[in-house]
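Heads up, the thing below is written out as structure tokens.
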Amino acid sequence: MSKDSKFLISEANRCLLCKNARCQTKCPINTEIPEVIRLYRDGEVDKAGEILFKNNPLSVVCSVICPHENQCKGNCIKGIKGEPIDFYEIEEFISNEYLKNLSLKPEEELKDRIAIVGSGPAGITIAFILAQRGYKVTLFEKNEKIGGVLRYGIPEFRLPKDILDRIQDLLIQLGVKIRPNTLIGPVLTIDKLFDDGYKAIFIGTGVWNPKKLNIKGESLGNAHYAIDYLKSPTVYNLGKKVIVIGAGNTAMDSARTAKRNGADEVSIIYRKGSEDMTATNHEIEEAKEEGVKFELYKVPVEIVDEGVIFRETEKITDVDGNTRVIEKEGTEALIECDSVIIAISQTPKNVIVVNNAGFITDHGLLVTHKGQTTREGVFASGDVVTGSKTVVQAVADAKNVADEIDEYCKSLRGKQ
């Protein structure tokens, strides 16, 4: 969370306000970082907050969970010979202050109805943009609260859920209707939505099917998938010794959550080296500080009642200079544990595709062109199109799709 004001002012004053700021160009949503910092320096927090919110309705979220070391912070010119600017700390403070007194209303009142299926980062972004433009927006969420991966895939210690409650209040203020506990696909079909007068439908259902290891024992009672575990960790009895397979941020979240929920020993086991881990350095270091252990160059072979059997791996370089990881036969060994959490990525559930005709998928992901799926009037973006990506990338893509939906609806009005 944000640090004290003295630190934030110090960081803002260290900024060079670069004209061709690398921090801005490396931000997936092109946040106007120098201008925001300049306004903050001048005490114009509200104006700075307005710029952030208009550019990114989830600025308050991205300031907390973005991989800053790969984006703004990692590309700050000050970081070449010294310490980079912690812009995200400034962004978090400004965004929180701005939301405290923000009042939103539609620019006009349109008759067109828009259905948004899924209330993750993409769905929330589309809802904000189109509701502000005057569309009648209904947000369908299969769970009891909005947020998608933000609420059910990221632990509270990384992203406080009251942020999402504030975002929901703003959506309701804009006139967005929210239907919780509603699964679109098998009962309420795409055809039914169109029959009820929706001009366009947006699908932002994310990736909620865990990717399997495809090894023996994956269905045993001591094996769990990270995406399921993080949704409601307190209902799991993992025991005292836990193994997490994977090395992304989801694996780190699972390991740290397990420690917080009673596990004495948690180990992350990965088939490659530390330099190959997809989790950010910050998340890896946080896990280490909390006592999570790391075992590298091991690949799971079988899950058994006593734990997991792993085989050692090694990285080799071929004659062309290409490196790859191979398994070392005869090195199988059991690592005992009470439970194992599998955290090696996710895929879409495809409930809509299975129950509704007209969609083409590629490896389970929806195929789109400028945001429109292969079904007329149905749009999609976010992880259900790209696979698992960052929240800020989902917001950036959703902004473009919102414009495409707007143009599509205008074209329909022009034909009437």
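Since every read-out is calculated from the coordinates, none of them should be taken as a lab result. Fair warning: this is a prediction, and the values are worked out from it, not measured in the lab. Counting neighbours? That spans all protein chains shown, and the Cβs are built from the backbone with ideal geometry, glycine included.
Counting only lysines at least 8 places from Lys328 when in the same chain, those with an alpha carbon closer than 27 Å to its own are Lys211, Lys212, Lys216, Lys241, Lys272, Lys293, Lys298, Lys315. Once the C-beta distance of Asp228 and Asp165 is scaled by a Förster radius of 25 Å, the resulting FRET efficiency is 0.60 to the nearest 0.05.
Please enumerate, by chain and number, the lysines with C-alpha under 24 Å from the C-alpha of Lys78, excluding those fewer than 8 residues away in the same chain. The reachable lysines, counting only those whose Cα sits under 24 Å from Lys78, are Lys3, Lys6, Lys19, Lys26.
Average the reciprocal distances over every distinct pair of alpha-carbons in region 5-100, invert the result, and give the Kirkwood radius in Å. Final number for the Kirkwood radius of region 5-100 is 12.9 Å.
Pairs from the table (Lys199/Lys389; Lys47/Lys73; Lys240/Lys389; Lys54/Lys161) lying more than 24 angstrom apart at Cα are Lys199/Lys389; Lys240/Lys389. Placing dummy labels 7 Å off each Cα toward the beta-carbon, the span from Lys192 to Ser219 is 3.1 nm.
Modelled spin labels at Leu412 and Asn237, positioned 7 Å past Cα toward Cβ, are 5.2 nm from each other. FRET efficiency for the Gln173 to His369 pair, using the beta carbon distance and R₀ = 45 Å, is estimated at 0.85.
Label point 7 Å out from Lys315 along Cα-to-Cβ: which residues of region 261-303 have amide N under 19 Å? Answer for region 261-303: 268-285, 294-300.
With R₀ set to 35 Å, the beta-carbon distance separating Leu334 from Glu69 gives a calculated FRET efficiency near 0.45. Measuring nothing but alpha carbons in region 210-346 and taking Rh as the Kirkwood radius, the Rg to Rh ratio lands at 0.97. Start at zero, step by 5 Å, and the Cα-Cα distances of region 348-416 spread as 3, 17, 25, 22, 18, 9, 4, 1 percent across the bins.
Each Cα pair under 8 Å and six or more residues apart adds its separation to the average, and for region 1-99 the resulting relative contact order is 36 percent. If the segment from Lys105 to Glu290 were pulled out straight at 0.36 nm per residue, it would be longer than the present Cα-Cα gap by 62.2 nm.
Could you identify which residue out of Ser381, Ser339, Ser232 has the top mean-square fluctuation in a GNM of the chain using Cα springs shorter than 10 Å? Answer for the Gaussian network model of the chain: Ser232. If the cut-off is a Cα-Cα distance under 16 Å, which lysines reach Lys142, setting aside same-chain residues fewer than 8 apart in sequence? Candidates past the 8-residue exclusion: Lys177, Lys231, Lys349. Evaluate the Debye formula for the chain with equal point scatterers sitting on the alpha carbons, no solvent, and hand back log10 of I(q)/I(0) at q = 0.10 Å⁻¹, in q order, two decimals. Normalising to I(0) and taking log10 leaves -0.77.
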